[in-house]
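Down below is the structure, laid out as structure tokens.
The values are calculated or read from the model by the stated rules, or taken from the named source; none is laboratory data. As the structure is a prediction and not an experimental result, all values here were calculated from the model. Methodologically, a virtual Cβ is constructed for each residue, glycine included, from the backbone with ideal geometry; neighbour enumeration extends over all protein chains shown. Surface accessibility is based on the protein's heavy atoms, side chains included, excluding ligands, DNA and RNA. Shrake-Rupley method; radii C 1.70, N 1.55, O 1.52, S 1.80 Å.
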Amino acid sequence: MSRAFSRAAWGVLAYNMLVVLWGAFVRATGSGAGCGDRWPLCNGVMLPRAPRIETIIEFTHRATSGLALAGVAALCLWAFRLFPRGHRARTCAALSVVFLFAEALLGAGLVLFQYVEHNASAGRAAYLSAHLVNTQILLAMLTLTAWFGGDPISRAWRFAPKIVLAALPTAIVVAVSGAIAALGDTLFPAASVASGMRQEFSQTAGALLRLRALHPILAVLGAAIVLAAAVTAIRSGRAPAIRMGNILAALVLLQLAAGAVNIVLLAPVWMQILHLLLANLLWVALVMTTLESGR
């Protein structure tokens, strides 16, 4: 039964990653106000009639988010029925529910505070950063639930090497800068790479544009730290850690390449979504590498 639980937990994690990607699609297409400033109702009704495309996009995100909450709650109930008191899968499943509730409330706040469409305030950037951090923790909790849920008896785990642990907050900082850069791409699209750079380094450039220019630098520095963590895992000599280290290193290099392509193509919506997908896969791989390095 623990293996069935673990497979289900991986499935719930995959579904939540899709919900996160759809949320990014909502932001990238400027559809955040598709349901007006109402939540949980959409334009004052439960089911919108004759909706615009923006309404369909936003309403779909709300509906899929509701299903995600139901799935995580069901996973938590299963964990409490299947595992004994004190099992780490129980704790991580319960925390997944907590952070998913926080995710829902943060999503509602984007609508209620009108941090959508063309809002370029510092408050929106700060709010999106908090939202992103919560999302990363949620995905980490679901990953831990799946990993610890693979054994009927709670797995023993010791701390991973310091460089591997240091890579975790580093990845979150880079992800936050990426979210702000993506917001800048949405609000201040550039006609060319050169014109984008002129925007960012202009004396009149706002904070979002300044931060957009900072993201590639942070991404390269962060990649070096995460690659060092991957190398440490590979050198551990344990097969699972070696495998995860190799996967992590490959994802880092692929993400750097995707970031470069994103800049050259001027951040089209499909490339932003792909870039975020790789970032989420990299984050899950880093969490898994941390777990396998600490066994």
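Relative contact order, whole percent, for the stretch 193-295 stands at 26, derived from Cα pairs under 8 Å and 6 or more residues apart. When a 1.4 Å probe is rolled over the protein heavy atoms, the share of accessible surface on the chain that falls to carbon and sulfur comes to 71 percent. Reducing the stretch 114-138 and the stretch 233-295 to their Cα centroids gives an inter-centroid distance of 23 Å.
In the stretch 141-187, which trypsin sites (Lys or Arg not before Pro) fall in coil by DSSP and have 11 or fewer other Cβ atoms within 10 Å?
ARG158
Residues THR29, THR290, sorted by accessible area with the largest first, give THR29, THR290 [1.4 Å probe; ligands and nucleic acids excluded].
When peptides 126-133, 186-193 are sorted by average Cβ neighbour count within 10 Å, with the highest value leading, the order is 126-133, 186-193. Rounded to the nearest 20, the Cβ-based charge dipole of the chain about its Cα centre (Lys and Arg +1, Asp and Glu -1) stands at 920 debye. At the residue level, ILE53 shows approximately 100 square angstrom of accessible surface with a 1.4 angstrom probe and all protein chains present.
Here the contact order of the chain, divided by its residue count and restricted to Cα pairs under 8 Å and six or more residues apart, works out to 22 percent. In the set [x] 55, 46, 26; [y] 59, 49, 39; [z] 63, 55, 36, the label that goes with Cα extents along the principal axes in Å computed for this structure is [x]. Loop-resident trypsin sites (Lys or Arg not before Pro) (DSSP state other than H, G, I, E or B) in the stretch 1-92 with no more than 15 further Cβ atoms inside 10 Å of their Cβ: ARG38, ARG49, ARG52, ARG85. Relative contact order of the stretch 127-220: 32 percent, from C-alpha pairs under 8 Å at least 6 residues apart in sequence. Membrane-span-like helices in the chain (whole DSSP H runs, Cα extent of at least 24 Å along the helix axis, mean Kyte-Doolittle hydropathy of at least -0.5): 2-28, 53-82, 88-112, 122-148, 162-187, 207-234, 239-264, 269-293. The candidates HIS118, HIS275, arranged from most to least accessible area with a 1.4 Å probe in the full protein assembly, appear as HIS118, HIS275.
Solvent-accessible surface of the chain, averaged per residue with a 1.4 angstrom probe and all protein chains in place: 48 square angstrom.
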